[in-house]
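The values are calculated or read from the model by the stated rules, or taken from the named source; none is laboratory data. Predicted, not measured: the structure shown is a model, and the values here were computed from it. Cβ atoms come from the backbone with ideal geometry, glycine included; neighbour counts cover every protein chain shown.
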Amino acid sequence: MKGNSLRAKTIAVLIISVLFMIGIFVPVLVNYILDGKLTWSLFSLGAIVMAWVTLVPVIIASKHKALFGLLGLSLTLLPFLYLTDYLAPYENWFENLAWPLVMIILPALWLIVLFAELVKASLNLKFAFVLIVLAALMVGIDYTVSEFLNEPVDQPMLLLKPAVAVVGALLLVIAQLLRRNMRSAQ
């Protein structure tokens, strides 16, 4: 059984790798033929490499697929964003927007994935945790984007979005508690 699974995974990785190489080769070739150098095709090259490094560990792993996928994303996201900034610079976009957003979003994703993978809890409680993390994430993203745009934060929306997420989390926790009470009453 394990041999068939390994063979299927190997075939899947091989197929994805060949398709991704074609996806890299065609834009690189066209870019080089048209411009005599590599410019815009590096966007697709970087994105495809990032997707491959994120996807292949998920396919290969038997357990903790989300952890391996997130590790691949974590290792490639900043280099890809730096490449994007290098190829199409925009007024300190990387330092003032991309870097702060990644420093907010990646830890939040790691919290969510680690909680989901390592904590024994019901699906309702895991979703509630995700909503709480997303509430904090929304605040951080709003502040970071408003700083970058030099615009004030829309205070009502800043409070409304996380409030909805927190209310959703509370409803999930209440639903779980009610379910647990109903089971114990039977």
In contact (Cβ under 8 Å) with a residue 40 or more places away in the chain and either outside the structural domain of L78 (by TED's automatic domain parsing) or of a type in the set (G, A, S) (or both): which single residue out of L172, L111 fits that description? L172
With the condition kept exactly as written, say whether any residue in the stretch 141-152 is surrounded by 14 or more Cβ atoms within 10 Å (Cβ to Cβ), free of Cβ contacts under 8 Å to residues at least 12 places away in the same chain, among the polar types (S, T, N, Q) and outside the structural domain of S44 (by TED's automatic domain parsing). yes
Meets criteria (over 26 Å from L118 (Cα atoms) and of a type in the set (S, T, Y)) for T39: yes
Among the residues of the stretch 119-127, is any in contact (Cβ under 8 Å) with a residue 24 or more places away in the chain and either in contact with a Cys (Cβ under 9 Å, 6 or more places away or on another chain) or not polar (S, T, N, Q) (or both)? yes
Against the definition (in a helix (DSSP H, G or I), in contact (Cβ under 8 Å) with a residue 40 or more places away in the chain and aromatic (F, W, Y)), how does F43 come out, yes or no? yes
Residues of the stretch 9-40 satisfying the condition of being touching a Leu at 6+ places or on another chain (Cβ under 8 Å), among the β-branched types (V, I, T) and modelled with pLDDT under 95: T39
Taking the stretch 83-123 and the residues there that are of a type in the set (S, T, N, Q) and either farther than 23 Å from A175 by Cβ or touching a Leu at 6+ places or on another chain (Cβ under 7 Å) (or both), the one that is modelled with the lowest pLDDT would be N92
Scan the stretch 51-75 for residues that are surrounded by fewer than 19 Cβ atoms within 10 Å (Cβ to Cβ) and either assigned to a loop (DSSP other than H, G, I, E, B) or polar (S, T, N, Q) (or both) and jot them down. A61, S62, K63, H64, S74
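When you check L75 against the structure, is it more than 16 Å from L109 (Cβ to Cβ) and at pLDDT 95 or above, yes or no?
No; evaluated as a whole, the condition is false for this residue.
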If only one of P162, P156 is crowded, with 17+ Cβ neighbours inside 10 Å and not assigned by TED's automatic domain parsing to the domain that holds S62, which one is it? P162
Within the stretch 77-129, restricting to residues that are among the acidic types (D, E) and in a helix (DSSP H, G or I), the one that is nearest to I48 (Cα to Cα) is D85
